[in-house]
Amino acid sequence: MTESRSAAPPRIAVVGAGFGGLCAAIRLRQAGITAFTVFEKAADVGGVWRDNTYPGAACDVPSHLYEFSFAPNPRWSRRFAGQREIHAYQRDCVERFGLREHLRLGTEIAAADFADGVWTLTTADGAVHRAEVLITATGQLSRPAIPPLPGRESFAGPQFHSAAWRHDAELAGKRIAVLGTGASAVQFVPEIARTAASVTVFQLDPPHVLPKPDYRYPKAVTRLLTRVPALQRLSRWATYWTLESRALGLTRFPELAAPYALRVGRHLRRKVGDPGLRARITPTSPLGCARVLLSDDWYPALDRPNVRVVDDRVTEVTPTGLVTEDGTTRAFDVLIYGTGFHAGDFLAPMRISGRDGRDLHETWRHGAEAYLGLTVHGFPNLFMLYGPNTNLGHSSIIFMLESQMAYVMQAVAELGRGRTRWLEVRADVQGAFNDEVRRRIRATAWDRGCMSWYTNAAGRNTNNWPGFTFAYRRRTRRLDLADFHREPAGSGPAPEP
């Protein structure tokens, strides 16, 4: 008989203190587990809501759904909360759930190596930490992507990515170039255009932009939600099902997206008077190919006399400006990159070494994949929050994070019973799941001959979940031990399953 170690929760390391890492920490504390540490490279919690401080930064998911279901906030000031308010909510969760003692801020994990049932984590400054379970919560939008344009280092003025906003850079009265027309640009361009001498927006593919039904909550409503929590739960679920219905047009029935495309056209015609400009910023890709954006200010900003839209691709940066593919040179004082993130480089730049020394990024050389977006064959006791194919185009990622942590908690419970040293998803289970995901994605809006940040260089969508969030929750509701190789406690290294 195999000798079993005494039943006790395993030591757990959580990497990242954005919404994913906070969700993990809170759920562990609620289960009475205290043997865990949250490692965060920055000096504060918050993830993207700590880093993205550009003017106008706000969420495009309604506040009552963009919060933890177990930590409702009846005091949101508006339907779509801004960056500062969301970051304050995250900080409040740290205090409310007693997470401060578990945080290791200013500590970047450079590498994680698995051997004999233990993950050894090495920090950027060389310190070593060990844990039986590794939970990563580094997100998909944490590493800004700046195009490697020739001459970029030669530019004489301020240049920065929207996720690393230079608040010390003077923008009023300046000639500003903005590269990109994604979710960040549609928020900050209207803000900076109010005081800039000129703003030139370089677009590659005009986004689909719908009106943003935003408004402030009256104080009477805030008081009512505080006194009657059931009303906020009702608002949350009404919002959830409204957004969830949109998944039909993105994932199953493209014809259902047609009314939204018509709304984009009406919105554009109402907000932009210049027919020539309207033609240039009319979307050409199918709706849903990239994220559908919400803004009441984007189109009016592009119609301002001091704003210009350029379709030509930027090919070079000079000390005084930019050169486009048609040979035109334009002078600028400031360059702002609204060019997105390395969303498909999951867990980078960490080096992750699994069983028998296998390298995770080498395993993913043709594209990241995981079972349920959570766990990878060859990497025991590694669980990823917001991993491959768990991104959404229609709802709240926090809903997905809660589903994932419910699954991870079952794994932690199994490892804490003292009979299992590690869990490793079977290769055939992972393969069958990802074959299904790829097959289903071929029927979605994200596979209609267009490129976006959802796809890698080979055109493979490694980011999005091709279905409903309630379907994902159903699949993660119960951890089936038959899906895993279980290494018994007290045994030696596992054979190849």
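So the values come out like this:
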read-out: Qualifying position, being within 25 Å of the chain's Cα centre (by Cα) and open to solvent by 40 Å² or more (accessible area, probe 1.4 Å), among ALA137, ALA183; value: ALA183
read-out: Matching entry among VAL45, VAL94, VAL38 (being part of a loop (DSSP other than H, G, I, E, B) and open to solvent by less than 40 Å² (accessible area, probe 1.4 Å)); value: VAL45
read-out: Residues of region 430-473 classified as of a type in the set (Val, Ile, Thr) and in contact with a strand residue (DSSP E or B) (Cβ under 6 Å, 6 or more places away or on another chain), total; value: 2
read-out: Test for ALA8: is it within 30 Å of PRO211 (Cα to Cα), part of a loop (DSSP other than H, G, I, E, B) and of a type in the set (A, V, I, L, M, F, W, C); value: no
read-out: Residue match in region 306-315 (condition: β-branched (Val, Ile, Thr), at pLDDT 95 or above and not in a strand (DSSP E or B)); value: no
read-out: Some residue of region 190-198 being surrounded by fewer than 21 Cβ atoms within 10 Å (Cβ to Cβ), part of a helix (DSSP H, G or I), at pLDDT 95 or above and in contact with a strand residue (DSSP E or B) (Cβ under 9 Å, 6 or more places away or on another chain); value: no
read-out: Residue satisfying all of: in region 311-335; open to solvent by 30 Å² or more (accessible area, probe 1.4 Å) and of a type in the set (Val, Ile, Thr); nearest to ASP168 (Cα to Cα) among these; value: THR320
read-out: Failed condition for THR123, given (1) open to solvent by 60 Å² or more (accessible area, probe 1.4 Å); (2) more than 29 Å from TRP465 (Cα to Cα); value: (1)
read-out: Unique residue being at negative phi and open to solvent by 10 Å² or more (accessible area, probe 1.4 Å) when the list is VAL429, VAL376, VAL412, VAL425; value: VAL429
read-out: Odd one out for ARG166 among (1) touching a Leu at 6+ places or on another chain (Cβ under 7 Å); (2) open to solvent by 20 Å² or more (accessible area, probe 1.4 Å); value: (1)
read-out: Residue in region 348-362 that is modelled with pLDDT under 95 and in a loop (DSSP other than H, G, I, E, B) present; value: yes
read-out: Hits in region 435-475 (condition: of a type in the set (A, V, I, L, M, F, W, C), open to solvent by 60 Å² or more (accessible area, probe 1.4 Å) and either closer than 18 Å to LEU385 by Cβ or in contact with a Gly (Cβ under 9 Å, 6 or more places away or on another chain) (or both)); value: MET451, TRP453, ALA457, ALA458
read-out: Within region 241-283, helices (runs of 4 or more DSSP H) holding 2 or more residues that are touching a residue at least 24 places away in the same chain (Cβ under 8 Å) and basic (Lys, Arg); value: 258-271
read-out: Check on GLU362, of a type outside the set (Gly, Ala, Ser), surrounded by fewer than 20 Cβ atoms within 10 Å (Cβ to Cβ), farther than 12 Å from TRP465 by Cβ and in contact with a strand residue (DSSP E or B) (Cβ under 6 Å, 6 or more places away or on another chain); value: no
read-out: Residue check for THR226: touching a residue at least 60 places away in the same chain (Cβ under 8 Å), open to solvent by 50 Å² or more (accessible area, probe 1.4 Å) and not in a loop (DSSP other than H, G, I, E, B); value: yes
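Here is a yes/no grid of residues against (1) within 27 Å of ARG270 (Cβ to Cβ); (2) touching a residue at least 60 places away in the same chain (Cβ under 8 Å):
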site	(1), (2)
ALA163	no, yes
GLY173	no, no
VAL199	yes, yes
ASP205	yes, yes
PRO211	yes, yes
TYR217	yes, yes
ALA230	no, no
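The values are calculated or read from the model by the stated rules, or taken from the named source; none is laboratory data. These figures come from a predicted structure and were not determined experimentally. We place every Cβ from the backbone using ideal geometry, glycine too, and count neighbours over all the protein chains shown. Heavy atoms of the whole protein, side chains included, go into the accessibility calculation; ligands, DNA and RNA do not. Shrake-Rupley method; radii C 1.70, N 1.55, O 1.52, S 1.80 Å.
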